[in-house]
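Asks: Take this structure, written in structure tokens, and hold onto it; I'll ask about it next.
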Amino acid sequence: MELTKLTIAELQQGYANRQFSVTEVVSQYLAAIGKLDGKLKAFLVVQPESALARATELDRALAAGKEIGALAGVPLAVKDCLLTKGLQTTAGSQILAHYLPPYNATAVERLIKEGVIILGKTNCDEFAMGSSTENSAFGPTYNPWDLTRVPGGSSGGSAAAVAASLSLVALGSDTAGSIRQPASFCGVVGLKPTYGRVSRFGLIAMASSFDTVGPFSRTVADSAQVMQIIAGQDARDATSQARPVDDYLAALTKPVKDLTIGVPQEFFADGLDKYVAQAVRQAIDVFTNLGARVISVSLPTLPYALAAYYVIMPAEVSANLARYDGIKFGERIQADNLLALYHKTRGQLLGSEAKRRIMLGTYVLSSGYYESYYKRAQTARRAIQADFVRAFKEVDVLATPTAPTVAFPLGSHTSDPLSMYLQDVYTVPVNIAGLPAISLPGGFVDKLPVGLQLIGSAWSESTILRLAYAYEQATPWHNYTPTLPA
């Protein structure tokens, strides 16, 4: 039996019926990683001994009839910017090349308590800064649908691992689309929660007012199950909110005929590949067939979103990365004096994109420029948030493309940072407004996956999951998987 193709529900049923053991499942996943990841490069570190030891513990607990957790025996990959106790965590940067965290991120800890088995840590753009996973200090990850193309970023390793069946589910982070865009490029489900829905404690910060933690999976139901565990307030994260957590699994099967779906015309403007646009419009037509109401809406301030983000985000990056100086945190390159130590350590151990964003952020916060840039960007942010609030008075969900193109070739945007930033044009507005959104497989163009993005109002994860599940059940796209050469 090909155990790496089973869903969480199928795994749990198999364990309950003694059709296979946790050890057998983990062994198949580790074998797949050993066979395929040499070409894919989704993982930065794999822990086979620890994973198999944990599998043995769970098998013994199952045999003894003990309670072992809601996700017992589910293989998990973790993006390398989420802390894992005693397991190397680099955030894709040389400056953290040998960092062994003394504790787990809250999202990781909650999943461990429910019985997941961590297979390893996945590759990402340095400090989550990128849209292709090419900014990792440890080399790029490759798209499992076409090894000459990027998997998206910054959570490209997690998306590629799930798409290639090297892990059943994975955790990523989303600051400007870093879960949804790689989910689109790799043909999997990627869920970005409402800001404050999932604890950020233990997430290495990039831009603190945008960062969120969420799951990757091959099916909507699997993302709902992971989300059920990681959602909820955490006293260690002051931005997490004390709001009740919905029953996401129960919400999946509710009818969608009472929902109104808005299609923002600003998402279908110049810059969107015409074949991607066609695939997404065909995907939206499915909702009409399911009985939902589909209407056109407008978000007039949307064109300002990318510009506002690329002022506010670098400002926060500049503050968050100041601690990595070789003294307070991070690796150190010795020098004759303090200034030279800073210069050598940060100059040699931080990548070009990290340095670019630090300099941009320092500039927009500097005296004489704060009013012109940072303050105006925050004003634009409030206007964008207000646009979404108005739109959700008319509709329940917004349906859009996740990305303007399918996965692009490796190296095609690395020499032009602006063209790389434009890859986030359809995902950034959601982070600016702090809203939940999901990307799910919505078709193919030139044998490459296209992502359909569903955006909800704040705290409406159950609604977007419900609509995503209805779409998934009505279409075949989630059944397609890439074939990788061994």
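Asks: Name the pairs whose Cβ atoms lie under 9 Å apart, with the first residue in region 223-235 and in a strand (DSSP E or B), the second surrounded by fewer than 20 Cβ atoms within 10 Å (Cβ to Cβ), and 6 or more positions between them or separate chains?
Replies: Taking only residues 6 or more apart or on different chains, the pairs are ALA231/VAL245; ALA231/ASP246.
Asks: For the structure I just gave you, tell me whether ALA386 is aliphatic (A, V, I, L, M), modelled with pLDDT of 95 or more and either exposed (fewer than 14 other Cβ atoms within 10 Å of the Cβ) or not in a helix (DSSP H, G or I) (or both).
Replies: Taking the combined requirement at face value, the residue satisfies it.
Asks: Kindly establish whether ALA354 is touching a Phe, Trp or Tyr at 6+ places or on another chain (Cβ under 7 Å) and modelled with pLDDT of 95 or more.
Replies: yes
Asks: What's the number of the only condition in (1) in a helix (DSSP H, G or I); (2) surrounded by 15 or more Cβ atoms within 10 Å (Cβ to Cβ) that GLY347 fails to meet?
Replies: (2)
Asks: Taking the conditions exactly as written (part of a loop (DSSP other than H, G, I, E, B) and surrounded by fewer than 24 Cβ atoms within 10 Å (Cβ to Cβ)), does SER154 satisfy them or not?
Replies: no
Asks: Kindly evaluate LEU71 against the criterion of being farther than 29 Å from GLN423 by Cβ and either surrounded by fewer than 24 Cβ atoms within 10 Å (Cβ to Cβ) or touching a Phe, Trp or Tyr at 6+ places or on another chain (Cβ under 9 Å) (or both).
Replies: no
Asks: Starting from region 432-459, take each residue that is more than 12 Å from TYR471 (Cβ to Cβ) and in contact (Cβ under 8 Å) with a residue 24 or more places away in the chain and list its partners that are in a strand (DSSP E or B) and among the charged types (D, E, K, R), counting only C-beta distances under 7 angstrom and pairs at least six apart or across chains.
Replies: PRO436/LYS192; ALA437/LYS192; LEU448/ASP146
Asks: What residue, among those in region 22-59 that are of a type in the set (S, T, N, Q) and under 21 Å from LYS113 (Cβ atoms), is surrounded by the most Cβ atoms within 10 Å (Cβ to Cβ)?
Replies: Ranking the qualifying residues of region 22-59, first place goes to GLN47.
Asks: Which one is surrounded by the fewest Cβ atoms within 10 Å (Cβ to Cβ), of the residues in region 393-410 that are within 29 Å of GLY139 (Cβ to Cβ) and in contact with a Pro (Cβ under 9 Å, 6 or more places away or on another chain)?
Replies: LEU410
Asks: If I filter region 420-438 for residues that are of a type in the set (A, V, I, L, M, F, W, C), in contact with a strand residue (DSSP E or B) (Cβ under 8 Å, 6 or more places away or on another chain) and over 22 Å from ALA308 (Cα atoms), do I get at least one hit?
Replies: Yes; the residues of region 420-438 include at least one that is of a type in the set (A, V, I, L, M, F, W, C), in contact with a strand residue (DSSP E or B) (Cβ under 8 Å, 6 or more places away or on another chain) and over 22 Å from ALA308 (Cα atoms).
Asks: Of the residues TYR304, TYR310, TYR324, which is in contact (Cβ under 8 Å) with a residue 60 or more places away in the chain and within 25 Å of GLY139 (Cβ to Cβ)?
Replies: Answer to the selection: TYR324.
Asks: Which of the residues spanning region 206-253 are aliphatic (A, V, I, L, M) and in contact with a Leu (Cβ under 8 Å, 6 or more places away or on another chain)?
Replies: VAL213, VAL220, ALA221, ALA224, VAL226, MET227, ILE229, ILE230, ALA251, LEU252
Asks: Related question: Across region 344-358, which residue is farthest from the chain's Cα centre (by Cα) among those that are of a type outside the set (Gly, Ala, Ser) and under 15 Å from PHE127 (Cα atoms)?
Replies: Across region 344-358, the extreme among qualifying residues is ARG346.
Asks: Next up: Just need a number here: residues in region 11-60 that are in contact (Cβ under 8 Å) with a residue 60 or more places away in the chain, among the β-branched types (Val, Ile, Thr) and more than 19 Å from MET1 (Cβ to Cβ).
Replies: 2
Asks: Select, from GLY115, GLY65, the only residue that is touching a Gly at 6+ places or on another chain (Cβ under 8 Å) and assigned to a loop (DSSP other than H, G, I, E, B).
Replies: GLY115
The values are calculated or read from the model by the stated rules, or taken from the named source; none is laboratory data. From a predicted model like this one, the values you see are computed outputs, not experimental measurements. When we count neighbours, we look across all protein chains shown, and the Cβ atoms used for this are built from the backbone with ideal geometry, even at glycine.
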